[in-house]
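For reference, the structure is listed below as structure tokens.
Here, each number is a calculation from the coordinates, and none is a lab measurement. Predicted model, so just to flag it, every value in this text is computed and none were measured. Quick reminder, even Gly has a Cβ in these numbers, built from the backbone with ideal geometry, and neighbours come from all protein chains shown.
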């Protein structure tokens, strides 16, 4: 069996409220094993016989769109990939340890093109820093995230980033600890 964590975009935001028991049931309908949810923000842990994560993500997206009547972008990572992400340090040690900072990890379906990755990192400021690594990018916010202007800046809007799903880095670390590879 292959062990995955699905990061679903937009679950339990706005009008997209879904009990976690219902979300687990949708994954069980797909015949996945060991289905569990982690905090009520669209993190689903499951096992599958399939090693084709791209096909699994498409299957999940189609099933959820059919059941929920709206699209749910799905980003899959293996438990081993989550363990590696939890150990990764995208920013300086002092920034990683500061209780005043918040770090987020955004999941992408594929790695960004080099020019787009450079453009995203170039949007960094004294307050907000972005680091792109593989199929993820990391955001270090040195103020309250709701006070940050990075996502509404003209440079950021001009990038036209693909869909992603963002999680607090603490969530990634907790997932890795609770569901080891």
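Per-structure values
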{"read-out": "Long-range Cα-Cα pairs in the range 83-178 (distance over 20 Å), rounded percent", "value": "33"}
{"read-out": "Relative contact order (percent, whole number), the range 2-78, Cα cutoff 8 Å, 6+ residue spacing", "value": "42"}
{"read-out": "Acute angle (nearest 10 degrees) that the helix 53-68 long axis makes with the longest principal axis of the chain, alpha-carbon atoms", "value": "70"}
{"read-out": "Rough spin-label spacing in nm, given labels placed 7 Å along Cα→Cβ, for residue 174 and residue 157", "value": "3.4"}
{"read-out": "17 Å tail of the calculated P(r), the range 131-181, as % of Cα pairs", "value": "51"}
{"read-out": "P(r) weight above 16 Å for the range 2-78, C-alpha pairs, percent", "value": "40"}
{"read-out": "Segment residue 36-residue 58, extension gain: residue separation times 0.36 nm, minus the distance between their alpha carbons", "value": "6.0 nm"}
{"read-out": "Sequence-separation-based contact order of the range 112-168, relative, with Cα cut under 8 Å and 6+ spacing, percent", "value": "28"}
{"read-out": "Proxy reagent accessibility, fewest Cβ within 10 Å first, across 151, 139", "value": "151, 139"}
{"read-out": "Length-normalised contact order for the range 83-178 - Cα pairs under 8 Å, 6+ apart - percent", "value": "38"}
{"read-out": "Between helix 169-178 and the chain: long-axis angle, C-alpha atoms, 0 to 90°, nearest 10", "value": "40"}
{"read-out": "Helix-derived mean residue ellipticity, 222 nm - over the chain, DSSP H n ≥ 4, -39500 (n - 2.57), to 500", "value": "-10500 deg cm²/dmol"}
